[in-house]
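Asks: Okay, here's the structure, questions in a sec.
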Amino acid sequence: MTSQQIRQAFLDFFKSKEHLIVPSAPLVAKNDPTLMFNNSGMAQFKDFFLGNGTPPARRIADTQKCLRVSGKHNDLEDVGFDTYHHTMFEMLGNWSFGDYFKKEAITWAWELLTEVYKLPKDRLYVSVFEGDSKDNVPFDQEAWDLWKPIVGEDRIILGNKKDNFWEMGDTGPCGPCSEIHIDLRPQADVDQVSGKSLVNNDHPQVVEIWNLVFMQFERKADGSLVALPATHVDTGMGFERLCMAVQNKTSNYDTDVFQHTIGVLAKLSGKVYGNEIYADIAMRVIADHIRAVAFAITDGQLPSNVKAGYVIRRILRRAVRYGYSYLGLQEPFFHQLVPVLAEQFKDVFSELKNQEEFVTKVILEEEKSFLRTLESGLKRLDNITTSLKAKGINVIEGNEVFELSDTFGFPVDLTALIAREKGLQIDEAGFQHALAEQKKRSRQDAAKEATDWIELRESDGVEFLGYDFEETHSHIVKYRKVKTKAGEEYHIVLDRTPFYAEMGGQVGDTGTLELADGRKVTIADTKKENDLFVHISKDKNLDGILQNSGVVRAKIDAARRHKIKANHSATHLMLSSMREVLGTHIGQKGSYLNDEILRFDFSHFAKVTDEELQKIEDIVNTKIRENIPLKVMTNVPIQEAIAMGATATFGEKYGDFVRVVIFDPSFSFELCGGTHIPSTGEIGLFKFTSEGSVSAGVRRVEAVTGEKALELMRSQEETLNKLKELLKSPADLLKTVENLLEEKNTLQKKVASLENEKIRTLKTSLLEKVKKYQAFNMVIEKVEVPAAESLKQLSYELKDQVDNLIAVFGAEVNGKPQLSVYIAENLVRDADLNAGKIVKELAREIKGGGGGQPFFATAGGSDLSGLGAALEKAKGYF
């Protein structure tokens, strides 16, 4: 069977067992603060297990894209080195939400594996949870009794909490499980050693293929377990491992899931898969990593330097480095694998095929960026390792690891990997310390500490009424206290609410909860957590008020909501106008809109010109003047909506039934859960404020509407009038400004010429002060320069005339002390010197800081009196 047939057989089997087949959720987790990526098949169904939502059916089956590269479930280090671990993988799963339980899950699993896939029964083993006294969970007798007549006692293994109690994370749904393992070894090995003894012992050919999880509990924040409202089944079967078993291979990478990609890599590199150990590892790593990177970008996560974006960048750079070092691929190659992948998955995950060009270009730009620093970074790392080995040291210092990350873009795990290949380790603690120091300087997010929910009453879920009402009478279902860096806040859940929770780029509503006695709770924001609408209040000491609240009047800030609605509707008009002016390839890659501005990220590979922006503006404002009424269609089957021409945002999670927002069916027709104005005329006016690049292939525009647009135009008019006044109301304002700029440029050139002459004179005098010291020539002086940049110019002009130069200069610029350190590149390499480290130490004397490259670095400070001490201190380094 081909991999496509194997996947389809699974879905067809469970369809015959009355399961609803649902599409995969995006790889990037949405509205779940506990997850960065969907790391299991059950992630998109978590709320159903917790009782916070109603599933579309009580029996469901699917194939889910998963990613495991961080946190508790992290397989990155094993990828490529073994034959069965992956970053991105497919999880085939069947689910029961309060319907069938262990009996059906076990018997159907056995039927599918042995009767449909024809796997040999004598090669299969199962495990059962042995119980755990600490959690007060008993031995799973029911599962044992169900498996015994199927496989016999000799093929049942008792598993501990680590192996047979499945938990998605530190908190959330969990329960005992039964794993199914298969022994794929040659018969001679099977005759010699029982496969039972190799289960869960990391044998590459005795592997788990299916995990049947029996969801019975919820893990609370304090570590305790409480019973779920109903029992559920959550199964997950690794598609890649299943293909290995069905296709009778000894490696996942030998199946047709990966062989297409590996074949392209072999052609690009000229190497034969199976001939060289590190070349084989490289091909496996790259074939795995392209899937993770391509599908993450497709689902909305672009590579970046923070959070989930950094994870994707790490994976991409890891793959590029393997190709560079072991396949000789020193030009961009990774992006060439996207079309292979898109074609392979077009019938199951068609979103990649639809965005093939965009994903390819994003990866290409990332490759180019990393390759610019990869060679120099590898040389730097090679110098470090060579020096350490000569000194008999086998650990790379943490600050060196941090420098490789900060300067050369080497993720710490990549440095650790290369170090291991050279027989070295890294100082992980030292790296974390250096990283922590950097975070202190640029901290972005305050960590939150939350208590468990305090339940006040039962509820079937949250009813959102905000499309039609600005206030409702509601009950508080539960609340919790959360400690943040800014203080304590309360998270409140209502049974019905008019408050829109932040999603789809639209910010959450603010407003009040008014109690029967007139007291009010201020709502500062509304967020969505899984399927809960969480109302956030920063008021103090609310416990007593909330616990005795009764019926509350939930009321949004209607004036603020109206401005948000106007900006959201304007965003729809703008997107349609962009597609009309720039092309239908334009796709949404992110958005943010509140009552002040709208910001929109979109796929495009060139700057949007002023003329194009003007055309887009004109179309939007025309549609505003036409006062087009809003039309909303609710509960539309998603496939029907797409067939009608509705625009969807890739990476967003849509259900089987969707909401469609229309401003003229021939113009703006989108899937959208946000709030909108009743007619376009209420937007008033639309005006762009900026356009620029966000990342490779992604542009960003910002705009204002209504009163804000009018304020902007009045401000611009006021500025123009003041400019006219300053210039004595010239007849031709533009020509007058052009003349002034031309005059300014002429004067700047004269100043630059005089400054260069001064630098040349200074250089001549410094050449006479250069002294030979051991194997290098050195000059350490206080100099007079017009600007801090002149120190670099001076250093570089000197190095062109003096070999093996070390130059340390101090200067006063605009009343502030400045330092520079230049070290000839051959001395950086041979003498293991580093200008960046030295200048940081010297900067202490002037109460400042700095850094730069190993061969040139600068620093500034606040204490001018320490300049002489800094230069004197420099003499001690050489």
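Asks: Count the DSSP beta bridges whose two residues both fall in the stretch 742-851, then state the antiparallel fraction as a percent rounded to the nearest 5.
Replies: Working: 11 of 17 bridges.
In the stretch 742-851, DSSP labels about 65 percent of beta bridges as antiparallel.
Asks: Once every Cα of the stretch 755-877 carries one equal point scatterer and solvent is ignored, give the base-10 log of I(q)/I(0) from the Debye formula at q = 0.15, 0.21, 0.22 Å⁻¹, two decimals.
Replies: Values returned for q = 0.15, 0.21, 0.22 Å⁻¹ are -0.59, -1.20, -1.31.
Asks: Here is a further query. Sort 117-124, 387-394 for me by packing, meaning the mean count of neighbouring Cβ atoms within 10 Å per residue, highest on top. Could the numbers behind the result be given before it?
Replies: Numbers: 117-124: 15.1, 387-394: 11.9.
Result, highest mean Cβ count within 10 Å first: 117-124, 387-394.
Asks: Note down the relative contact order for the chain as a percent, whole number, built from C-alpha pairs under 8 angstrom at least six residues apart. Walk me through the numbers before you get to the answer.
Replies: Details: 1607 pairs, mean separation 59.7, N = 878.
Rounded, it is 7 percent for the chain.
Asks: What is the packing order of peptides 228-236, 248-256, taking the mean over residues of other C-beta atoms within 10 Å and listing the highest first? Could you put the intermediate results ahead of the total?
Replies: Values: 228-236: 20.9, 248-256: 18.4.
Highest mean packing first, the order is 228-236, 248-256.
Asks: I need the Kirkwood Rh of the stretch 103-216: take the reciprocal of the average 1/r across all distinct C-alpha pairs and report it in angstrom.
Replies: Values: mean 1/r = 0.0680 Å⁻¹.
For the stretch 103-216, the Kirkwood estimate is 14.7 Å.
Asks: Putting +1 on Lys and Arg Cβ atoms and -1 on Asp and Glu Cβ atoms, find which of SER24, SER133, ILE564 reaches farthest to the positive end of the dipole of the chain.
Replies: Sorting the options by dipole projection puts first ILE564.
Asks: Nearest-5 percent of antiparallel DSSP beta bridges in the chain? Write down the numbers at each step before the final one.
Replies: Working: 126 of 145 bridges.
Among the beta bridges of the chain, antiparallel pairing accounts for roughly 85 percent.
Asks: Two decimals, Cα atoms only, Kirkwood Rh: what is Rg/Rh over the stretch 230-304?
Replies: On the way: Rg = 15.7 Å, Rh = 14.3 Å.
Value, to two decimals: 1.10.
Asks: Suppose every K and R has +1 on its Cβ and every D and E has -1 on its Cβ; what is the size of the dipole of the chain about the Cα centre, in Debye to the nearest 20?
Replies: Dipole of the chain, to the nearest 20 debye: 2120 debye.
Asks: Quick one: the Cα spread of the stretch 273-386 along its three principal axes, in angstroms, biggest first?
Replies: 49, 37, 21
Asks: Put +1 on the Cβ of each Lys and Arg and -1 on the Cβ of each Asp and Glu in the chain; which of SER865, THR584, THR497 then has its Cα farthest toward the positive end of the dipole?
Replies: Result: SER865, furthest along the dipole toward the positive end.
Asks: Going out from 0 in 10 Å bins, what whole percent of all Cα-Cα distances in the stretch 570-637 drops into each bin?
Replies: Once binned at 10 Å, the Cα pair distances of the stretch 570-637 give 17, 45, 32, 5, 0.
Asks: Something else now. Could you give P(r) for the stretch 3-250, binned at 10 Å from zero, as whole percent values over all Cα-Cα pairs?
Replies: 7, 32, 39, 19, 2, 0
Asks: Give me the tail of P(r) for the stretch 561-719 as a percent: Cα-Cα pairs with distance above 21 Å.
Replies: Numbers: 5553 of 12561 pairs.
Counting pairs separated by more than 21 Å, the tail of P(r) holds 44 percent.
Asks: Using modelled amide H (1.01 Å from N, peptide plane; none on Pro or chain starts), what sits under 5 Å from the amide H of SER591, excluding residues fewer than 5 places away?
Replies: When sequence neighbours closer than 5 places are left aside, the close amide H contacts are ASP601.
Asks: Turning to a different aspect of this structure: Placing one identical point scatterer on every Cα of the stretch 658-814 and ignoring solvent, what is log10 I(q)/I(0) from the Debye formula at q = 0.11, 0.12, 0.20 Å⁻¹?
Replies: Here the Debye-derived log intensity ratios amount to -0.79, -0.83, -1.21.
Asks: For LEU119, what residues show an amide H to amide H distance below 5 Å, using hydrogens built from the backbone and excluding near sequence neighbours?
Replies: Hits under the 5 Å cutoff: THR114.
Asks: Let me ask something else. Using just the alpha carbons, could you tell me how many Å³ per residue the convex hull of the chain encloses? All intermediate terms of the calculation are to be shown ahead of the outcome.
Replies: Values: hull volume 190.8 nm³, N = 878.
About 217 Å³ per residue, rounded to a whole number.
Asks: What number results when the radius of gyration of the stretch 449-556, computed over Cα atoms, is divided by 2.2 N^0.38 Å? Intermediate values should be presented prior to the final figure.
Replies: Numbers: Rg = 12.6 Å, N = 108, 2.2 N^0.38 = 13.0 Å.
After normalising by residue count via 2.2 N^0.38 Å, the value is 0.97.
Asks: Using just the helices of the chain, give the 222 nm mean residue ellipticity in deg cm²/dmol: DSSP H runs with n ≥ 4 each add -39,500 (n - 2.57), and the total is spread over all residues, rounded to 500. Could you put the intermediate results ahead of the total?
Replies: Numbers: 26 runs with 338 residues, N = 878.
Helices in the chain give a 222 nm mean residue ellipticity of -12000 deg cm²/dmol.
Asks: Dipole of the chain (Lys/Arg Cβ +1, Asp/Glu Cβ -1, origin at the Cα centre): which of VAL190, THR2, THR261 lies farthest to the positive side?
Replies: Value computed over the given set: THR261.
Asks: Highest mean first, what order results for 573-580, 534-541, 176-183 on Cβ atoms within 10 Å?
Replies: On the way: 573-580: 22.0, 534-541: 17.2, 176-183: 23.8.
Per-residue Cβ counts within 10 Å, averaged per peptide and sorted highest first, yield 176-183, 573-580, 534-541.
Asks: OK, next. Rounded to whole Hz and in sequence order, give me ³J(HN,Hα) for the stretch 711-722 from the Karplus expression 6.51 cos²θ - 1.76 cosθ + 1.60, θ = phi - 60°, writing x for Gly and Pro.
Replies: Residue by residue, the stretch 711-722 yields 4, 4, 5, 5, 5, 5, 5, 5, 4, 4, 5, 5 Hz.
Asks: Further, regarding this structure: Hey, any idea what the orientation-averaged projected area of the convex hull of the stretch 491-633's Cα atoms comes to, in nm²? Write down the numbers at each step before the final one.
Replies: Numbers: hull surface 45.0 nm².
Convex hull of Cα atoms, orientation-averaged projection: 11.2 nm².
Asks: Rounded, prolate or oblate: which one fits the stretch 497-566, using the alpha carbon gyration tensor with axes a ≥ b ≥ c (rounded when a/c is under 1.5, else prolate when a/b beats b/c, else oblate)?
Replies: On the way: a/c = 2.31, a/b = 1.61, b/c = 1.43.
Because a/c hits 1.5 or more and a/b exceeds b/c, the stretch 497-566 counts as prolate.
Asks: Can you tell me the relative contact order of the stretch 253-372? Whole percent, Cα pairs under 8 Å, sequence separation 6 or more. Please report the intermediate quantities before stating the final value.
Replies: On the way: 126 pairs, mean separation 29.4, N = 120.
Relative contact order, the stretch 253-372: 25 percent.
The numbers here are math on the coordinates, done by the rules we state, and not lab data. This structure is a prediction, so every number in the text was calculated from the model and none was measured. Quick reminder, even Gly has a Cβ in these numbers, built from the backbone with ideal geometry, and neighbours come from all protein chains shown.
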